[in-house]
Every structure is written in structure tokens, then in C-alpha cells.
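The structure appears below as C-alpha cells.
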Amino acid sequence: MVLFDLDSSKIFFKEVRDYFEEVVTSYTSGFYRSSIVLLYSTAICDAMKKLKEMKEVFNDEKAINLLSDVENLRLHGKNYTDWEDNLIEKIKIQKIYDFDDIMNLSHLKEKRNLAAHPTLNNEYDLYRPTQEETLFFIKSMYKIFVKPPFFCDDIIRKMDEDVTSRQNYFIGDYFKLKGYLERTYLSYMNEHMINKAIKAYWKFVFRSSINTDCKNYWELNRQVLGIIYEYNDSYTSSYFNNVSNYSYLNQIDTDSDTLIKMTYFISRHPEIYQVLNDENKDKLNTFINEVNNFTYKLIAWFPNTTPDTHLSSIELPHQDWVEQINLNNNVMNYLYTQTETRVSKDVLRKLCIKLYKNVNFYYESEDRFYSCIEPFLNDFSADEFIEIIESINSNHEHYENWYQRSHNDKIYSAAKGKLPASFNLGNYPHFSITES
């Protein structure tokens, strides 16, 4: 049954689903008093079922103790409603429900008491809830009913334990992880819970020095943080635009590993750069401008520029230091993935040719072929192929490379269908290929 955007098929427990449909039937028939009374009973039933599952399936200590206390009152309490009051109070004190959820449940209880008991006005008429407030409570309780039992208590801890235990299942498949998180957790989270998740995973990723496990699962946690960050733009913008959160967000490690992580993350989400304080910005900029970290400078387009403008203006370090330009394959692979969203393929190809032309050692020639040339063999233009062939012919670090002939064969095989009829391979004596 669907009421506006409330699909009862999404409610976790079948019995609660059936009760909820009764509530909706009463509402659509105009029986608002009945809807409120049954909705409250359904909410109590749902809470008990969630706690029971937390006890039996997850062996949750908090749920075990709470159920024990409530059951004792339910069976032996002097007042038959004592256990209901106790249940709601303990859920509130132990923060088993989100703050908004428990407040709405408490208010529903007040309305239920007015609707269920002979509360009379001056004319001796029974209390009658309005259509608007009845619908409000139906919607607010629905948000509780659709949440799985493990959303009770510390959902961030449970999500972390769940995801890390499945790490091998998610390795190498970002979209599998994204689908699982959205389906199992994020689709049930309100803004407050999303903010809690961002705060927790920010610490896991950028303050990993405080916990060894965080370092062990850093790549997984980084992906989780990115997925949470991108899930709901309005929630994310609200959190990161709130100045009161800046102090926490700037409590980050500043070792080289963390600065590398931050460079990657901000390259995906450049707006985060503005959240950093001046001290952290200086540390990050100093790090990416060190010659040894040239490869990370390639993806550091966040200080007031676009990726294409940044990559087009990249200057290689002075020739005396060229041996220190060690291209990190992870960075290059990341750049290739960004051609689908942020980076122009034309710009990246030109940068790769520039990097390939400027080699100073044989091993660089070998590495640069695989990182800068081979991925674009199907994309280079005729002029770009000629530029590559000229660079090989004029640089002995290329043409004296032991494996260069096999590289040349691949280059020429991809180029010959694009090269103009006037092209004469004989003009490039050091560009040797296997005779066909």
C-alpha cells in the first residue's frame, strides 16, 4: 500500500507492515483518532521487535539489558502501562533511536493518550486529532518502521564493522561497495545520521594515527567516505558549510601518507580545500610542490583552477632534477578515470606526451611508455604520433632502451592508419621497428 510517498512494502517487519496498512486505511477513511491509537501501538510493537532481533541476531548487550528490564515490568509491573513508559524512556536515555525519532515517538504517545482516553473539552466532546497532525505522525513513524534493527544503537560502529568484515568482497569493485552502502545504510539515514557518518569516516581516513585498524582499512574507509559525501548533496553542503564543524575537520594528521590521501580526496571534491585552515593549506601546498612529490602535483588542481587549466600549465622540474620525476602508476590510473568526468582527454594526452619526451634514464623510458603512451594508442592524432616518433628518434634514452623496438611496433601499428601519405619513416633512423 502506498500513501503519498510512503511504500509499506519497505517496512522491515511483515507484522508491522500489516499494522501500518490498517493505520493508513483508518486515515484515508477519515478516522484520525483510530489512526493515532493504532499507530502508537504499532510503534511500540516495532520497537520491541527491533530490540528482540538485536538481542537474538546481533547479541547486542544494550538490547539484551533493555529487553530484560522492560519484560520484567510488562509481566510484573503494578500499572499495565509502566513498561511502555519505561521502554520509551530507556530508548531516549540510551540513544537507541535518533533524537528526532524518539521525540516524535514521545509526542505521538501524548496524542495517543488524548485520543484513547475520554479526554473531554468544555462541551464534553472527545479529543479529535487533525488530518495534518495525523499525517505528520504517520510519516514520522514510517521513517522508523523502514529502518532495519541494526539501525538501533550505534549505527556507525555497526556499519564500520560490517563493511570491514566484507572487505575482500568489495576489493576492486567500487560500484559493488557503493550499491551495498546505499541499499543497506544510506537510504535509511536522515541528515543527522549522515553527518555522524561523515564525521566518523573523516577521522578514520585523515586521523588514522589514533587507531591502527584505521590504517589497515584506509583505502576501504576512503571509498566509504567518498560514497557518503556524494550521497546527498544538500546534507553534505550543510555539514561542510557549517563553520562550527571546521575545527573538527582541521584536526588531521600531516604526515606524507595523510597528505597524499587528502590530495586525492580534494581532487575529487575541490570545495573541501576551502574548509582547511591556512596552516593545513600551507602544509598541503608545500607537500605537493616538493620535487619528489611531482606526481601528486598532477592531481592538485584545487587551489582556484580547473583540472584542464592546471594540467595544461604543468611545468616539469628543472632538468637537473628530472631523475626525481617518478610517476606513480596509481596517480596516472586515477587521471585516466577522471577523463570521464573532470579531465579532458586531449589535455591529458598532451601532458603524457610532454612527460614521455622528457626522460633521462632508460628505466624512465620503459615506465613512461606504459603509463603515458600505451593507454592512448587508439586516441593519438597523426600530429601527436609524429611528435612521439620524433622524441624517440632524438633521445637515446628511448631508442637505446632494450625493449624500445617492441614499443615502437605498437606505436607504429596504431599510427600507420592515421599518418599522412607524405610521412617517411626513413627520416627517423633511430625509430626502429620489426620488419613486416
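Checking LYS78 against (1) within 25 Å of PRO129 (Cβ to Cβ); (2) surrounded by fewer than 13 Cβ atoms within 10 Å (Cβ to Cβ), only one condition comes out false. Which one?
For LYS78, the exception is condition (1).
Scan region 265-295 for residues that are crowded, with 18+ Cβ neighbours inside 10 Å, among the hydroxyl-bearing types (Ser, Thr, Tyr) and modelled with pLDDT of 90 or more and report the count.
Residues in region 265-295 being crowded, with 18+ Cβ neighbours inside 10 Å, among the hydroxyl-bearing types (Ser, Thr, Tyr) and modelled with pLDDT of 90 or more: 2 in total.
Among the residues of region 410-422, write down those that are assigned to a loop (DSSP other than H, G, I, E, B), touching a helix residue (DSSP H, G or I) at 6+ places or on another chain (Cβ under 8 Å) and either touching a residue at least 40 places away in the same chain (Cβ under 8 Å) or surrounded by fewer than 16 Cβ atoms within 10 Å (Cβ to Cβ) (or both). Walk me through how you get there before you give the answer.
Of the residues in region 410-422, the ones assigned to a loop (DSSP other than H, G, I, E, B) are 416-422.
If we keep only those that are touching a helix residue (DSSP H, G or I) at 6+ places or on another chain (Cβ under 8 Å) as well, we get 418-420.
Scanning region 410-422 gives LYS418, PRO420.
Of all helices (runs of 4 or more DSSP H) completely enclosed by region 9-81, which ones contain at least 2 residues that are small (Gly, Ala, Ser)?
On the way: elements: 14-28, 32-58, 61-76.
Because the criterion is at least 2 residues that are small (Gly, Ala, Ser), the helices (runs of 4 or more DSSP H) in region 9-81 that meet it are 32-58, 61-76.
Just to be sure I understand the filter: pairs with C-beta atoms under 6 Å, separated by 6 or more residues or on different chains, first member in region 99-115 and free of Cβ contacts under 8 Å to residues at least 60 places away in the same chain, second member of a type in the set (Lys, Arg). Which pairs pass?
ILE102/LYS92
Any idea which residue in region 324-361 is surrounded by the fewest Cβ atoms within 10 Å (Cβ to Cβ), counting only those that are over 27 Å from HIS396 (Cα atoms) and touching an Asp or Glu at 6+ places or on another chain (Cβ under 8 Å)?
Here the answer is LYS345.
Could you say which residue among GLN274, GLN223, GLN251 is in contact with a Leu (Cβ under 7 Å, 6 or more places away or on another chain) and polar (S, T, N, Q)? Can you show your working first?
On the way: GLN274 fails: in contact with a Leu (Cβ under 7 Å, 6 or more places away or on another chain); GLN251 fails: in contact with a Leu (Cβ under 7 Å, 6 or more places away or on another chain).
None of the other options fit; the residue is GLN223.
Quick one: count up the residues across region 339-389 that are within 16 Å of ALA414 (Cβ to Cβ), in a helix (DSSP H, G or I) and not basic (Lys, Arg).
Residues of region 339-389 within 16 Å of ALA414 (Cβ to Cβ): 345, 349, 352-353, 356, 369-370, 372-389.
Still in the list and also in a helix (DSSP H, G or I): 345, 349, 352-353, 356, 369-370, 372-376, 382-389.
Then drop every residue that is not not basic (Lys, Arg), which leaves 352-353, 356, 369-370, 372-376, 382-389.
Residues meeting the conditions: 18.
Mind checking which residues of region 216-245 are exposed (fewer than 14 other Cβ atoms within 10 Å of the Cβ), in a helix (DSSP H, G or I) and not β-branched (Val, Ile, Thr)? Give the derivation first.
Taking region 216-245 as the starting set, the residues that turn out to be exposed (fewer than 14 other Cβ atoms within 10 Å of the Cβ) are 216, 219, 230, 233-234, 237, 241-244.
Now restrict to residues that are in a helix (DSSP H, G or I): 216, 219, 230, 233-234, 237, 243-244.
Of everything in region 216-245, those that are exposed (fewer than 14 other Cβ atoms within 10 Å of the Cβ), in a helix (DSSP H, G or I) and not β-branched (Val, Ile, Thr) turn out to be ASN216, GLU219, GLU230, ASP233, SER234, SER237, SER244.
Would you point out the residue of region 199-215, among those that are farther than 12 Å from ILE252 by Cα, modelled with pLDDT under 80 and not charged (D, E, K, R), that is surrounded by the most Cβ atoms within 10 Å (Cβ to Cβ)?
Here the residue is CYS214.
I'd like the full set of residues that are farther than 19 Å from GLU132 by Cβ and either among the aliphatic types (A, V, I, L, M) or modelled with pLDDT of 95 or more (or both), limited to region 1-14. Steps first, answer last, please.
First pass over region 1-14, keeping only residues farther than 19 Å from GLU132 by Cβ: 1-2, 7-14.
MET1, VAL2, ILE11 - these are the residues of region 1-14 that are farther than 19 Å from GLU132 by Cβ and either among the aliphatic types (A, V, I, L, M) or modelled with pLDDT of 95 or more (or both).
The values are calculated or read from the model by the stated rules, or taken from the named source; none is laboratory data. Not measured: the values here are computed from a predicted model. All Cβ positions, glycine included, derive from the backbone under ideal geometry; neighbour counts span all protein chains shown.
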